[in-house]
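What follows is a short report on a single structure.
The values are calculated or read from the model by the stated rules, or taken from the named source; none is laboratory data. These numbers come from a predicted model, not from an experiment. Here the Cβ positions follow ideal geometry from the backbone for every residue, glycine too, while neighbour counts run over all protein chains shown.
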Amino acid sequence: MATWQYPTVEGRGGSTKAILLLALAYSLFYLMTLSRSLQGGDSGEFLVVAHRGSVAHPPGYPLYGLLGRAIAWLPLGNPATSVSVLSALCGVAAVVLLFLALRRWGCSLHVSWICAAFFGLTPIFWRYAGVAEVFSLAAALAAALLWLAGREAGPRGLARSGLLGWVLGLGLSNHHTILMLLPVVVLGLFRAHREASRRSWLVPILFLLCLAIGLSPYLTLLGHDSGSGWSWGGSLDLQALVDHFVRKEYGTFSLGPAGQQVGPLDNPLAYLAHLPRSFNLLLPFGLLGLYGLVRSLRHLRQATQAGLDAIAFLLSFFLAALLLPSRFNLDPGEANFVLERFHIQPDLLFVLPCALGLDRLLTAQPRLAIYLKEVAIGVLCGLALSNIPAADWSEDRTVEEYLFNALDVVRPGGVVIGTGDLTLFGFLAVQQVYHHRTDVTYLDLNLIRNRWYHQRIQAQLPRCDLPFDQNHTPVLEIVQALLESHPVYLAGESVPTSVRQRFPLYPQGPLLALLSPEETLPLLPQVEQINRALFARMSLISPPPNRWNIWGRMAYSLYARTWNDIAANYDRLGHSAHAEIVRSFAKRYTVGE
């Protein structure tokens, strides 16, 4: 069998033109499809962090927050647009840096360009390059580490070691998954040590010093005044900041405070199953490239370039694609929309074996190179067209509309109780960034077990004496205390059974209104008329969310729940014909697969 050889790296001519073309094309793609409104998940919190200088949930993401703060002043209409632009620019940087990294790891010019361009069009990366999330910045920093560790990286010796430390520190200030590239960083330091010659002893010192500088954004979280905005954890002292950094509240390797029973292979297998969907035509070349890298391990004893590259890359890919997912505490079937974001970094790494495999084929069959450009352009155009529906946020305002509509239902001084990021961060952004319905208080039933959050809500509701228990949420006692002095509503899909059994309630817009002992439950026809009037006043101009917008679909399900609940009550009263009329309203908010 023929011995694997790395493709020969030709001169760097043409790289400048390739970089400019990538930067222009992907700036156009990402800016055209980015979100121009508030979206679900963590996006609402990142809007608050960018516009108010607040502290995000663990581990804090201070680098993205600082960059968001720097760009939030742009007068682009909706406050969400400027932070989406930040993610788009980071996405462009990730594609360009990945191209440069592929070149430094031995891939030819055209293949590097094609594979970097392919990655930029993968649906998950493209989608997160258009919304207020940290993952496109994380990809850009990971690509920068790959470039800095390459065989012939521009910075050499001490400059290489310092930049490796600085970029790794910045990566840790943005998203901890950058640690999965530690084997690549060690490879870069090894090369820096050899290049530094007589001053090689300075390599680790400079690396650690620059690492500390890269981590310096965390200092901006110290002592933050939570009274002026949003600060997860309250005012952070040094010990609290360390706990925030290591995600002590969640558990370092957990994605949430409470997870399902998940087998150690469930999430790694879910990632492997995702690869064909993301890479399709490039997948065979990726497998060929992985095979070549594994074969290169036999050169490791001689410390050859090929052996060192292979061991560093394979270890990093194993950590990102298999080991880290094995520690996640969320079921890949039920929480795929949460887990898919963690596919971006291993996807970025997988591009390297794809490029090596394609180069290997062209080396063995040079005649195929004649058709490479034409075929690649056709494939990339087809990929862009097919993935636009999954990546396009530009007209999707479903989540923002829901949040405004829900708050507008609430009576002055009311309290909304709920759980989950859609309502927690969504209402937070609407009130603190859009300055809408600031008289309403939102109370999260999960966070209320934290002393800092309990104190925050208690300060907002001084007339209530809210019970506190760090081990479980005393839901009934909290609701009872609130009903004595405030209008109370429930938000979200999950309504505690104990609340339904104890307190009378009825649907009011996309919320459920709870009744105090002095109030009388309206008759069913009155409930229907109330909701007909509320829905007539609601803003529902956005097209129905597509299957990729899980948060938008959740919002639509809450609209539908109102009418389904009313129809179910008509059924119980024996008015089946009218129940079907009411149920037809629910069908307007039922989104198919």
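On the basis of being surrounded by 15 or more Cβ atoms within 10 Å (Cβ to Cβ) and touching a Lys or Arg at 6+ places or on another chain (Cβ under 8 Å), does GLY357 make the cut?
Details: surrounded by 15 or more Cβ atoms within 10 Å (Cβ to Cβ): yes; touching a Lys or Arg at 6+ places or on another chain (Cβ under 8 Å): no.
The answer is no for GLY357.
Looking at region 217-230, is at least one residue under 27 Å from GLY65 (Cβ atoms), exposed (fewer than 15 other Cβ atoms within 10 Å of the Cβ), touching a Pro at 6+ places or on another chain (Cβ under 9 Å) and of a type outside the set (Lys, Arg)? Write out each step before concluding.
Residues of region 217-230 that are under 27 Å from GLY65 (Cβ atoms), as a first pass: 217-230.
Those still in the list that are exposed (fewer than 15 other Cβ atoms within 10 Å of the Cβ) too: 219, 222-223, 225, 227-228.
Checking which are touching a Pro at 6+ places or on another chain (Cβ under 9 Å) leaves us with 219.
Filter once more, so that each one left must be of a type outside the set (Lys, Arg): 219.
Checking region 217-230: at least one residue is under 27 Å from GLY65 (Cβ atoms), exposed (fewer than 15 other Cβ atoms within 10 Å of the Cβ), touching a Pro at 6+ places or on another chain (Cβ under 9 Å) and of a type outside the set (Lys, Arg).
Here is a check on your reading of the model: is GLY169 assigned to a loop (DSSP other than H, G, I, E, B) and either closer than 24 Å to PHE135 by Cβ or modelled with pLDDT under 95 (or both)?
Considered against the rule, which asks whether it is assigned to a loop (DSSP other than H, G, I, E, B) and either closer than 24 Å to PHE135 by Cβ or modelled with pLDDT under 95 (or both), GLY169 comes out as no.
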Practice prompt. Answer yes if at least one residue in region 92-99 is buried (at least 24 other Cβ atoms within 10 Å of the Cβ) and more than 21 Å from the chain's Cα centre (by Cα), and no otherwise.
Written response: yes
Item to complete: For region 562-593, enumerate the residues that are buried (at least 19 other Cβ atoms within 10 Å of the Cβ) and assigned to a loop (DSSP other than H, G, I, E, B).
Response: TYR589
Discussion item. Every residue in region 374-413 that is touching an Asp or Glu at 6+ places or on another chain (Cβ under 7 Å) and at negative phi, please.
Written reply: PRO412
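Which one of LEU221, LEU275, LEU189 is touching a strand residue (DSSP E or B) at 6+ places or on another chain (Cβ under 6 Å) and modelled with pLDDT of 90 or more? Talk me through it step by step, then tell me what you get.
Details: LEU275 fails: touching a strand residue (DSSP E or B) at 6+ places or on another chain (Cβ under 6 Å); LEU189 fails: touching a strand residue (DSSP E or B) at 6+ places or on another chain (Cβ under 6 Å).
That would be LEU221, the only listed residue that is touching a strand residue (DSSP E or B) at 6+ places or on another chain (Cβ under 6 Å) and modelled with pLDDT of 90 or more.
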Worksheet item: When region 224-266 is examined, which residues are found to be modelled with pLDDT under 85, aliphatic (A, V, I, L, M) and under 28 Å from VAL433 (Cα atoms)?
Response: LEU255
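Determine, yes or no, whether LEU407 is within 22 Å of ARG547 (Cβ to Cβ), assigned by TED's automatic domain parsing to the domain that holds ARG463 and surrounded by 24 or more Cβ atoms within 10 Å (Cβ to Cβ).
On the way: within 22 Å of ARG547 (Cβ to Cβ): no; assigned by TED's automatic domain parsing to the domain that holds ARG463: yes; surrounded by 24 or more Cβ atoms within 10 Å (Cβ to Cβ): yes.
Spelling it out, it is not the case that LEU407 is within 22 Å of ARG547 (Cβ to Cβ), assigned by TED's automatic domain parsing to the domain that holds ARG463 and surrounded by 24 or more Cβ atoms within 10 Å (Cβ to Cβ).
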Practice prompt. Within region 278-305, work out how many residues are part of a helix (DSSP H, G or I), surrounded by 13 or more Cβ atoms within 10 Å (Cβ to Cβ) and at pLDDT below 85.
Written response: 4
Worksheet item: Can you find even one residue in region 338-353 that is touching a residue at least 24 places away in the same chain (Cβ under 8 Å) and touching a Cys at 6+ places or on another chain (Cβ under 9 Å)?
Response: yes
Practice prompt. Among the numbered conditions (1) without any contact (Cβ under 8 Å) to a residue 24 or more places away in the chain; (2) buried (at least 24 other Cβ atoms within 10 Å of the Cβ); (3) of a type in the set (Phe, Trp, Tyr), tell me where PHE318 comes up short.
Written response: (2)
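Only residues that are closer than 12 Å to ASN531 by Cβ and either in contact (Cβ under 8 Å) with a residue 60 or more places away in the chain or not aliphatic (A, V, I, L, M) (or both): list them for region 570-593, please. Break it down stepwise before answering.
Within region 570-593, the subset closer than 12 Å to ASN531 by Cβ is 582, 585-586.
Result: PHE585, single match.
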Worksheet item: What are the residues in region 26-55 that are surrounded by fewer than 24 Cβ atoms within 10 Å (Cβ to Cβ), touching an Asp or Glu at 6+ places or on another chain (Cβ under 7 Å) and of a type outside the set (S, T, N, Q), if any?
Response: GLY41, ASP42
Response to the item:
Residue count, region 546-561, condition surrounded by fewer than 17 Cβ atoms within 10 Å (Cβ to Cβ) and part of a loop (DSSP other than H, G, I, E, B), comes to 2
